[in-house]
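*Asks:* Here it is, the structure in full.
Quick note: the coordinates plus some simple rules give every number you see, no bench work behind them. The structure displayed is predicted, hence computed values, not measured ones. When we count neighbours, we look across all protein chains shown, and the Cβ atoms used for this are built from the backbone with ideal geometry, even at glycine.
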Amino acid sequence: MEGEVRSGRPRWLAGLVCAVVALSLGCARQAWRRDDVMTWEGCCKGADACLALLQEVHGPDSGERWLPPEQQCAAWKLGREGEDVVPRLIPLLRHGERRVRGGAALALASMEEKARQAVPALLEAYEREPGGMALHALSSLDDARAAPAMVRHLMESPTSTLEHLGPRLVPVLLDVLENPESNWEALVRVRYVLARSASMLTENFVPRLRTLLARELAEPTLRRPPGMSCPAAPAPSCEAIFDGCTPRAAYVASVLAAYERQGAKAEPEVLQGLQRADVRLTPVALQALVAFNSPAAVPEVLQQLAVLECRARALASLASLGPVARPVATGPLLRLLATGEEGWERARAAETLGRVGDPVALNALRQAVYAPHSEVQAAAVRALGSSTFRAHREELEPLFHQVLTTHASPVARSHARWALQALSGDEVQPASPSEPPSVLPGRGPDWQMCQSPTSIHLHWDKPKAPSREGPCAHVPGADFASVLEAMGEACLVGRDSGEFGGTLEVHEAGRVTVLEEPHANPLLAVRVHGTLVVVEGLAHLFGGDGRLVRVEASEGRWRATPWVELPGAPLAHALDEAGNLVVGTTNQRLDEVFCDRAGVSAPAHVLRVTMDGRLTPVEPDGRP
């Protein structure tokens with residue numbers, strides 16, 4: 001049964017730190033409090049008061065990149081002042097306190113065109129402190145004068161700022177990608193930033209990238225970063241690996257993949273890259289073809305499906321290809337659904353069959369609704385409720401009603417409820433008594449609210465001061481990582497940008513392995529019975545998604561296994577006495593929770609996850 005999800009410690013160790021709510025749904029609150037940056041309107045009035053507040057600091061500097069509320073609020077208010085305040089902000093860029101320097105740069109960034117006279121001072125500040133906030137201001141001003149300094153300090157600059165460069169500055173990153181003298185570390189960073197920025201880049205970038213890829217592929221021997229050698233062929237992998245053996249063409253193909261449908265114009269060049277049969281270029285080129293929704297990817301992906309170490313990647317690719325993989329993928333997926341050794345394999349096969357949408361799979365999916373494994377059951381219901389089977393609604397609707405009222409799995413019931421809502425267009429209430437409502441927590445000390453113009457999404461507590469020792473010490477942009485977990489000599493790095501997606505990578509000395517990109521929302525990592533599990537989730541305006549991903553190494557190669565799907569966005573987690581993971585999830589609109597508009601009940605679940613991937617509901621007293 002569903003239970004109560006508590007946000008306070010120690011019961012469920014609630015992990016939600018930031019819920020980003022659409023501007024149109026933001027809560028209206030008035031009074032200024034130091035610990036609440038959303039009440040900026042009342043923090044200071046007039047330039048003099050706001051400049052004073054900007055220089056007000058409390059306690060020692062923690063080193064956290066996010067500025068304290070005093071500086072954030074004052075910068076926000078000063079950004080709405082006239083140009084006459086700029087000369088008063090410029091000297092503060094040399095202030096002895098880092099938080100004040102950052103606040104001054106943030107204020108200048110908020111002023112945009114009005115702060116043009118501050119560009120020389122901002123450039124000096126950037127040269128002195130490349131990791132500070134000066135580049136953020138230069139990015140907002142989008143001044144080409146910053147380009148040479150950006151190239152010099154590329155590896156020291158905040159990754160989050162580089163992702164938001166304007167049209168005058170972002171071509172500098174493409175220059176780095178084109179430069180044959182760029183080292184592999186610079187190429188790794190530029191690849192990541194350009195891939196994350198694809199939706200904001202101009203259409204001119206695709207032709208330029210195509211030309212660059214064609215140039216690299218025209219070489220008889222694929223060029224690799226300077227100073228790096230690969231005397232022996234590296235071990236093959238199904239994941240994208242960027243190291244000294246990775247040809248420059250792979251970095252270009254990876255950026256093109258981020259353009260997805262628009263990048264499909266480069267399909268001929270990417271196919272040529274696939275035909276080069278380079279062990280580092282092949283997985284990148286194949287993932288680009290999947291992103292392009294190219295039928296040419298299907299045979300290669302089906303070959304991956306037959307290899308156990310590549311199966312998770314292949315299932316994700318086939319799910320992305322969807323109807324493009326029909327009908328050739330249907331048979332292999334049905335065999336995996338029937339004979340897969342692990343529950344996650346059968347469950348992901350069912351889910352992928354739903355994406356492919358071949359009616360031949362309907363009977364097998366209906367039978368899987370009552371398969372022995374709870375995860376397979378839920379995946380089958382979700383597959384049958386997908387839009388690809390909408391033409392069969394009349395025969396499926398009675399099944400969804402049956403699942404909603406009688407099925408033992410709360411996840412299957414949740415998927416059935418959403419399927420019925422999609423079919424009817426009306427809200428479907430949880431069935432009673434098999435799915436009683438449970439109460440969500442209100443705001444508390446573990447909750448904090450932030451704003452974004454897009455939608456609600458979840459973040460886990462980010463490290464305030466990344467360790468200066470161990471494998472995570474030198475990860476670029478570590479202070480903005482949602483997951484930063486040491487794994488022996490490697491570091492697992494997760495970055496989440498809500499509906500803009502995210503990445504999950506493994507950083508090692510001289511190598512970066514990309515496990516998930518771009519459709520990932522990693523929130524936190526937790527060790528369950530010795531296995532590292534990443535909790536992922538996204539809360540939309542009208543519901544949420546969540547899943548658990550296992551991260552493992554096999555013969556020196558890393559892989560991410562999509563282990564368990566969750567019935568909504570994860571809110572809280574804990575380990576029970578037996579070491580099993582307990583997760584609280586919800587499909588509640590979070591703006592209602594934070595803005596005190598939630599009803600007396602909301603669809604929430606508390607579930608225990610066993611190591612074989614089975615979900616069992618937990619009573620409020622902790623009993624299964």
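*Asks:* Would you mind ranking ILE90, ILE241 so that the residue whose beta carbon has the fewest other beta carbons within 10 Å leads the list?
*Replies:* Placing the least packed residue first, the sequence is ILE90, ILE241.
*Asks:* A further question follows. Roughly how many debye, to the nearest 20, is the charge dipole of region 327-432 about its Cα centre, given +1 on each Lys and Arg Cβ, -1 on each Asp and Glu Cβ, and no other charges?
*Replies:* 40
*Asks:* Let me ask you something else. Going through region 127-188, which GluC sites (Glu not before Pro) have at most 11 other Cβ atoms within 10 Å and a DSSP loop state?
*Replies:* Filter output for region 127-188: GLU181.
*Asks:* While we're here: Quote the FRET efficiency, to the nearest 0.05, computed for GLU489 versus GLU113 with a Förster distance R0 of 51 Å and r equal to the Cβ-Cβ distance.
*Replies:* Once rounded, the FRET efficiency stands at 0.60.
*Asks:* Which whole-number percent is the relative contact order of region 327-432 (Cα, under 8 Å, 6+ apart)?
*Replies:* 21
*Asks:* Let me ask something additional. For a quick check of your reading of the filter: which GluC sites (Glu not before Pro) in region 514-565 sit in a DSSP loop and have no more than 15 other Cβ atoms within 10 Å?
*Replies:* GLU555
*Asks:* Sort THR513, THR406 so the one with the fewest other Cβ atoms within 10 Å of its own Cβ comes first.
*Replies:* Going from least to most buried by this count: THR406, THR513.
*Asks:* What order do you get for 44-57, 317-330 when each peptide is scored by the mean count of other beta carbon atoms within 10 Å, highest first?
*Replies:* The densest-packed peptide leads the list: 317-330, 44-57.
*Asks:* Between MET228 and ARG80, with labels modelled 7 Å along Cα→Cβ, what's the label distance in nm to one decimal, could you check?
*Replies:* 4.8
*Asks:* Then there is this: Suppose R0 equals 22 Å; then what is the FRET efficiency for ASP61 and HIS164 from their Cβ-Cβ distance, rounded to the nearest 0.05?
*Replies:* Computed FRET efficiency for ASP61 and HIS164 comes out at 0.35.
*Asks:* Note down the nm distance, to one decimal, between modelled labels 7 Å out along Cα→Cβ at THR531 and at ARG335.
*Replies:* With each label point 7 Å from Cα toward Cβ, the separation is 2.5 nm.
*Asks:* Now for a separate question. Sequence-distant or interchain residues sharing an amide H contact under 5 Å with GLY502, placed H: which?
*Replies:* Residues meeting the amide H criterion: SER497, HIS519, ALA520.
*Asks:* Here's another thing I want to ask about it. Which residue, LEU217, HIS153, SER140, has the largest displacement toward the positive end of the dipole of region 113-249 when charges sit on each Cβ (Lys, Arg +1; Asp, Glu -1)?
*Replies:* Comparing the listed Cα positions along the dipole, LEU217 ranks first.
*Asks:* Within region 481-514, list the GluC sites (Glu not before Pro) lying in a DSSP loop whose Cβ has at most 11 other Cβ atoms in a 10 Å radius.
*Replies:* GLU489
*Asks:* Given a Förster distance of 51 Å, report the FRET efficiency between ALA473 and GLN367 from their Cβ-Cβ distance, rounded to the nearest 0.05.
*Replies:* Efficiency, rounded to the nearest 0.05: 0.50.
*Asks:* Here's something else I'd like to know. Give me the extension gain from GLU552 to MET200: residue separation times 0.36 nm, minus the current Cα-Cα distance, reported in nm with one decimal.
*Replies:* Extra length available between GLU552 and MET200 comes to 123.3 nm.
*Asks:* Multiply the residue separation of THR405 and ARG261 by 0.36 nm, subtract the distance between their alpha-carbon atoms, and state the gained length in nm to one decimal.
*Replies:* 47.7 nm
*Asks:* Along the charge dipole of region 299-397, pointing to its positive end and built from +1/-1 on Cβ of Lys, Arg, Asp and Glu, which listed residue (LEU353, HIS392, ALA380) has its Cα farthest out?
*Replies:* It is HIS392.
*Asks:* Tell me, what HN-Hα J-couplings in whole Hz come from the Karplus equation 6.51 cos²θ - 1.76 cosθ + 1.60 at θ = phi - 60° for each residue of region 499-507, using x for Gly and Pro?
*Replies:* 5, 7, x, x, 9, 9, 10, 10, 9
*Asks:* In nanometres, what is the gap between the two model label sites at ASP175 and THR221, each 7 Å from Cα along Cα-to-Cβ?
*Replies:* About 3.0 nm separates the two model spin labels.
*Asks:* Using the number of other C-beta atoms within 10 angstrom as an exposure proxy, rank LYS77, LYS265 with the fewest first.
*Replies:* Going from sparsest to densest Cβ surroundings: LYS265, LYS77.
*Asks:* Between ALA306 and ARG88, what is 0.36 nm times their sequence separation minus the Cα-Cα distance? Round to one decimal in nm.
*Replies:* Answer, rounded to one decimal: 71.9 nm.
*Asks:* Under 8 Å for C-alpha pairs, at least 6 residues apart: give me the relative contact order for region 173-294, rounded to a whole percent.
*Replies:* Dividing the mean separation by the residue count of region 173-294 yields 29 percent.
*Asks:* Let's see if you can work this out: charge +1 on each Lys and Arg Cβ, -1 on each Asp and Glu Cβ, no other charges. What is the dipole magnitude of region 173-294 about its Cα centre, in debye to the nearest 20?
*Replies:* 80
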